[in-house]
Amino acid sequence: MECPKCSSKWSVKNTAPSSDTTRLHLRRKVSEFLAWYSDDYVVRLRFCQNCGYSAITVELEISDFTSIIRICMNEKPDVFLKKKGEKCLHLTE
């Protein structure tokens, strides 16, 4: 993956899979967003050695991701409406 700030390659500093009970601080940051759907995801703390930017990323199976988007689209479709000139995410069955 590339750093979104400077496009340098960034590295993983810490990883917390769903079975990890020692890195709860990472999983807690994401659980408030995903706990309603699943606890099967991987949280990674990434760091760019070039510019110092860090971020937390989440890995989900694509089927889970599309299901989450579908649920959210059904509840708040106006958030997902395509604006003029933007690309639209097409979810297939």
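What follows is calculated from the coordinates using simple rules that are stated; it is not laboratory data. Small disclaimer: the values here were computed from a predicted structure and weren't measured. When we count neighbours, we look across all protein chains shown, and the Cβ atoms used for this are built from the backbone with ideal geometry, even at glycine.
So if I check each of Thr66, Thr57, which one is surrounded by 13 or more Cβ atoms within 10 Å (Cβ to Cβ), assigned to a strand (DSSP E or B) and of a type outside the set (Asp, Glu)? Exactly one of Thr66, Thr57 is surrounded by 13 or more Cβ atoms within 10 Å (Cβ to Cβ), assigned to a strand (DSSP E or B) and of a type outside the set (Asp, Glu), namely Thr57. For region 1-52, residues that are loosely packed, with under 13 Cβ neighbours inside 10 Å, among the aliphatic types (A, V, I, L, M) and under 14 Å from the mean Cα position of the chain (by Cα) total 2.
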